[in-house]
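Have a look at the structure below, then the notes.
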Amino acid sequence: MLRYSVKRLLQGLVTVFFIATATFFAMHSVPGDPLASDKALTDRIRANLEAKYGLDQPLMTQYGIFLGNLLQGDFGISYTQENRRVNDIIREHFPVSATLGILAIAFAGLGGVLWGALTALYRNRLPDVLIMLAVILGISVPSFVFAALGQLLLVQVNGALGFSVLPVAGWGTVAHMLVPSLVLGLGTMAYLTRLMRSSMLEIVGSDFVRTAKSKGLPASRIFTHHQLRNAILPVVTVLGPAIAAITTGGFVVEMVFAIPGLGRYFVQAVQQLDYTVIMGTTVFYGAFLVFMVIVVDLLYGWIDPRVRLE
Amino acid sequence: MAETSNLAGEAAFNRSAARQLALFGLAVLIGLVALMWGLNLLASLTATASGASPAVDAANNAITVMLAEEPPQLDSTRSTDQVSGVVLGHVMEGLLRYDDRGELAPGMAEDWRIDEAGATFHLRADALWSDGQPVTAHDFVFAWRQGLDPENASEYAFILYPIKNAEAVNQGRLPVTELGARAVDERTLAVEFERPIAFFDKLTAFSTYFPVREEFYRATEGRFGADADQLLYNGPFKLSSWVHGQSLQLDRNPHYWDQARIRLDRINVAYITSDPNTRLNLFKDEKIVMTGLTAENLTNALEQRWHIHRHMDGSIFYLEFNHRSGRLTRNHNLRKAMILAQDPGELVYKVTKTPGYLPGESLFPRFLEGIRGKFRDQHPAPTYRMDVQAARDHLERARLELGLDAFPPLVLLSSDSPVSNIQTEYFQAVFKKNLGLDIKIDRQIFKQRLAKMTSGDFDLVLAGWGPDYNDPLTYGDLFASWNLNNRGRYSNPEYDRQVRIAQSAMDAPTRMAAFAEMQRIIHEDVVIIPNYERGVAYVTHPRVKGILRRVVGADTDYTYAWIE
Amino acid sequence: MAETAFTAEDFQPAAATESAQAVARPSLSYWQDAWIRLKANRRALFSLYLVIGLALFTLVGPLVWTVDPSLQDLDQISQPPGADRHAVVVAPHRPWDGSATGSASLAGPQSSSGGLRLAEAPTTQSVRLAWTPLPDAAGYRLYRNLFPAAEGQALGLPLFEIASLDVRHFEDRLDLKPRTYHYSVVALDAQGRLTGSVRSLEVPVSRVVTAQEAEAMGLVEDAGQLSLGDRIKLRAHPLGTDYLGRDLLARLMAGAQVSLFIGIVAPLLFIAFGVIYGAAAGFLGGWADQALMRFSDFVVALPFLLFMILLRVASGVQPGESGITPMVLAMVLLSWPAAARLVRGQILQIREEGYIGASRLLGGGAPYLVLRHMIPNTLGVILVTMTFAVPTAIFTEAFLSFIGMGVAPPTPSWGSMCNEGIKTMLTTPHELIFPALFISVTVLAFNLLGDGLRDALDARMRSAE
């Protein structure tokens, strides 16, 4: 187990190096000029700015400097927010995205299991039909439509009640997080519900459930210990990719709900060609995802003893 | 299989399982609540719950507003964008400032004298920084040197060029100490001019001219203006917190000299979003005191029976031709054909539909003052009337002059903003319909568009210009052949001559005549196709009065606002 | 031992008789079986019809509904479906200096209310207003509203303001719709503040069109056929129009070509590449397999959306290009490893199967084995993956278009149409609903079809029957 973990972590580091390299070269092949500004620059000022960001060096030297700084965990200074370090930007804004993501995952994971189990239990009856209809909506409607509708609904509810039940946008308290994270988790929740349903249905008909029933175990114990526990396994496997999708997919929700997350910063940085922020964010997210996948794999091995980690 | 067990047993199992699920659901709920409580704790460590305050908080004499973007930084010597300008306009003050009627008023300077050779400013004794120390003439000299120091690479250095030796300092030809501005004593600032200038007083209200205290600047070690505690304030408000991307809190500055004019104790900037729908929703939910309206949400605002205001922000938008040699758009007849083939009225009234926009007629917008009255009233802009037949004649002439069989597609460069999308699609259709010209749209993100504008990689570009100071020259010198912002590289000795007259003449009639001449040349030479002058329709909270919209300076200005 | 006499006939091969080997049911190939099972699945069949319907809409639709999707009908901007399309022919717009030209015929009671009156018949081309001096005025401001002005209530949208008494007329041309507006003129004091005096006027605006516009829109052969005052019908738009008056149905068809093209071609390409890559890795095995798979691990680790955006910007769309190709390429570049892994896993499994060994013993070469046995046996899995990849690709396109990193205008796509429509969600919801509906239906259809295919192609379920 330990040897396996260490091996995976080392592989992960190599992967991060690969991501950093790919980002660097993708970034530097972008046409356009990160220093261009509304007011035209004189040559002298331009040269000074280039020197400040090391743009006057040959590309490979820049790459070397970038890797050197990366080893020290330093992503440099932002181009647009000239006096801010990229590390500060990530430190301040990633927790926001992560909070949103954790809540969304919690909604998606717990909700998915709950609804999935319900539909399996009431197969082809009213609850099943209703939930599956909702699932179909959740899967097929784009997230930006949900985000806009969610906000509109909040305004209408607040307006109808005459006081503010939940804030329309912004960040700071749990009340601010509720609707955005629900919107963000909706697609994943729908997907997990479907997954849970089919895996429950498969297990209901399996030998060990039948055995458990015939040896007279109480129904509640069969349900929790045999059905739920086994049905959750496939849900855990897709959690890794789901975390990736949710944490990086938060752009739209962050934009619509005016949430100061890292995703919104990334989109802005791309529009502004803020090299250092783009590279910092991408490498950071890449490393984060690699790490999360490893964690989920290890977790899976721990939950399901049948899986041998090699 | 399930069918083998008897129905009663199945039902019992289901009931029990449902009970289990309900328990599980309860556990999930409790878990979620616990998680959120934990996250709330975590969030409160990193952020203030600024989003919770209502639009108007009469008990604390505070209002809540939003910004479209995060200020990149608040170093006044280097700030370039409008959002920083708004924040700086609340927390800083220059030698002079604009009052609530939009006229120049004393700021840090209590009196001043300006002549052809230079200016002298006397600072007021009660001009203090937010730490209680006096604002001195040295602080201005330091700020201006900093703005011009090539190492600092300020993009707005050019606005300091009227000061003697400023341009040479900025280009590194002279040391910063040679700048023609010096502190005679703690409270007297003497400025020498490079050449006579008629509007230096207006410039001193601009943010690049704001003071910076040297010893504080040095102590921040390159992080000046990056956070609330990395700045000193001398304006009506001070920044007490700045959570990046989320909120700023402006509190009344107790050391500000003119306490009488400040009627609010606090301005919460609780939201930073450029999404018009979000802003409208926040206003509807009584979370912010003001929001602009777009064409798309205007009907909604009318249905809400809100009081709508209107303001012209002084920005002009136009199609700029590429006048570089070798470009087809260098041909006068082609340009004339294009300007005759379109109608800015149709663009404004039917396409952009934004309330407050006026069809473009001139390089000089309507707000500019002439001698007594508006410049545009005294010098009405000559305009073209849409005439498709004449346009086609000019196009044919252009074709013969250029020796072409048919026109190749022209490239129309634009940014990726929603308004320019609509415009480019409209122009593409108009020029195709009326002239048979093919237009290729080149939509680029902000920086790529600027890079292409600078390198001249376009035939036409959707461009705009906002005023830096309240004088027609801020528009007029745009098409001077030496101006780097003249991205189409229009070059005309006669136009240049008029710009030089306007730059150095001191008497208004000569200058206004020069501007009128520029207006005529731009029109006759079809340097640009004017599209519109931008206006904004906006709504304000009924209890908050005195919100100012300005053409130059902080737009929006809440320093005069009060709660009724 | 009994002696048996063998004749030569006894050593003849037995005649092939069908009856001995008769099978109770006709033999079915894998694909025939899958097809039968798919047909039995109602939901899958329904989704298959949906997919076919979408294909017809995309490919045949433009042949039936031959409206140019880029034709701008500026007289019918943001028109909801089923609006009245009658218009009266008028002369082209001329600038107005405030003189009352045709006002004689308009001296009706409703056209003059206090000081505010119409100078001409109000049309969607222009509403010309003039007013008599108001008491205590130093200037005037003119408002337009959708509702009658009530005491103390908002007067609506300020259109015009003047700080002098000389100008007492105004021409409104801003976004006029054929409906009733309420105009008010208020007097301003010397400081530009509102005084109490207000004059209001109800103005029913009628839809008009000029003969030239009618000709340009193809309503008549020649502008000369029309005379002023003729009543004609404007172009029909069954699903309404967008913010530039373009036909939404035609736009949806053109958008379908883009969205479905990306949605189908991108998965097709990356799965094809993944199959080749995965098959090579799986078949070669050993260190080559290790190296190939390690590389695919790297690509998997790249954050997908971040790199989609990055590659979209890096590809630098040239003027006049739609940016579809770079988007498809970026998707292929980032998405192939999933298919490669899947195929490799299948191939590794199949490699150990008995029939492969048999085939190898019979002299089957490597290409033969891969092409004849391995790929066909993974085709089912590939097809299912492909079906599920389509909705993901369509969503990605929609998402990128939504944040402004998608296909370049004027090329329509469902995603960019949603992006435009969401802004006017409250006033003209049809601009959002239709493209969003198409995205949803497509995504749903392919998801259900994928489910059905998986069930139909699943070998385990086949044996369970």
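Structure summary
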item: Mean Cβ count within 10 Å, highest first, over the residues of peptides C:49-59, A:31-41, C:249-259; result: C:249-259, A:31-41, C:49-59
item: Tensor-based shape of segment C:86-210 (alpha-carbon gyration tensor, a/c under 1.5 rounded, otherwise prolate or oblate); result: prolate
item: Magnitude of the charge dipole, segment B:238-326, Cβ model with Lys/Arg +1 and Asp/Glu -1, debye to 20; result: 240 debye
item: Loop-located trypsin sites (Lys or Arg not before Pro) in segment B:141-208 whose Cβ has at most 13 other Cβ within 10 Å (DSSP); result: B:R173
item: Residue-span extension gain [C:R179 to C:F11] - 0.36 nm each, minus C-alpha spacing; result: 50.5 nm
item: Cα gyration tensor category, rounded, prolate or oblate, for chain A with a/c compared to 1.5; result: oblate
item: Average beta carbon contacts from partner chains per residue of C:437-449, 10 Å cutoff; result: 3
item: Potential lengthening between B:N485 and B:W562 on full extension [0.36 nm per residue; Cα-Cα distance subtracted]; result: 23.7 nm
item: Helix A:126-140 axis, angle to chain A major axis (alpha carbon atoms, nearest 10°); result: 20 degrees
item: Nearest 10 degrees, 0 to 90: helix A:2-28 Cα axis against chain A principal axis; result: 50 degrees
item: Cα long-axis angle, helix C:30-40 against chain C (0 to 90 degrees, to the nearest 10); result: 40 degrees
item: Rounded, prolate or oblate (a/c below 1.5 giving rounded, otherwise prolate when a/b exceeds b/c) for chain B by Cα gyration tensor; result: oblate
item: Centroid-to-centroid separation of segment B:511-528 and segment C:231-262 [C-alpha atoms, Å]; result: 43 Å
item: Backbone N under 14 Å from the A:S206 label point (7 Å along Cα→Cβ), restricted to segment A:216-256; result: A:222-237
item: Residues of segment B:527-558 with amide N under 18 Å of the 7 Å Cα→Cβ point at B:N61; result: B:543-547, B:558
item: Kyte-Doolittle mean at least 0.5 and Cα axial length at least 30 Å: DSSP H helices in chain B; result: B:7-46
item: Charge dipole magnitude, Cβ of K and R +1, D and E -1 - the protein assembly as shown, Cα centre, debye nearest 20; result: 2980 debye
item: Considering only chain C, percent of DSSP beta bridges that pair antiparallel, nearest 5; result: 90 percent
item: Computed over chain C: relative contact order in percent, which uses C-alpha pairs under 8 Å that are six or more apart; result: 18 percent
item: Most positive-pole-ward Cα, B:V388, A:G261, B:A226, against dipole of the protein assembly as shown from beta carbon charges; result: A:G261
item: Residues A:S143, C:S359, B:S362 arranged by fewest to most Cβ contacts within 10 Å; result: C:S359, A:S143, B:S362
item: Peptide B:279-289 - average C-beta neighbours from other chains (10 Å radius); result: 5
item: Residue mean of other protein chain beta carbons inside 10 Å, A:41-47; result: 6
item: Of the trypsin sites (Lys or Arg not before Pro) in segment B:92-144, those whose Cβ has at most 11 other Cβ within 10 Å and which sit in DSSP loop; result: B:R101
item: Residues listed by number, segment B:383-401, amide nitrogen under 19 Å from C:A223 label point at 7 Å toward C-beta; result: B:384-396
item: Radius, Kirkwood style, for the protein assembly as shown when every pair of distinct Cα atoms is counted (Å); result: 35.0 Å
item: Lys, Arg +1 and Asp, Glu -1 on Cβ, resulting dipole of chain A about Cα centre, debye, nearest 20; result: 1320 debye
item: Cut-off under 5 Å, modelled amide H: who pairs with B:L437 long-range; result: B:K432
item: Highest to lowest packing among A:123-129, A:74-80, scored as the average C-beta count within 10 Å; result: A:74-80, A:123-129
item: DSSP beta bridges in segment C:86-210 [antiparallel fraction, %, rounded to 5]; result: 90 percent
item: Segment B:429-480-segment C:185-203 distance, computed between alpha-carbon centres (Å); result: 39 Å
item: C:T66/B:D387 FRET efficiency (R0 30 Å; Cβ-Cβ; nearest 0.05); result: 0.40
item: Segment C:343-372 and segment B:319-384: distance between their alpha carbon centers, rounded to Å; result: 73 Å
item: Restricting segment B:114-204 to GluC sites (Glu not before Pro) in coil, as DSSP defines it, with at most 14 other Cβ within 10 Å; result: B:E116, B:E151, B:E186
item: Simple spin-label estimate for C:L194 and A:L217 in nanometres, 7 Å along Cα-Cβ; result: 7.4 nm
item: Helix-only mean residue ellipticity at 222 nm for the protein assembly as shown, each DSSP H run of n ≥ 4 adding -39500 (n - 2.57), per residue, nearest 500; result: -15000 deg cm²/dmol
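Values quoted throughout were computed directly from the atomic coordinates according to the rules given, and no laboratory measurement underlies them. For clarity, every value in this text was computed on a predicted model and none was experimentally measured. Every residue, glycine among them, receives a Cβ derived from its backbone with ideal geometry; neighbour counts consider all protein chains shown.
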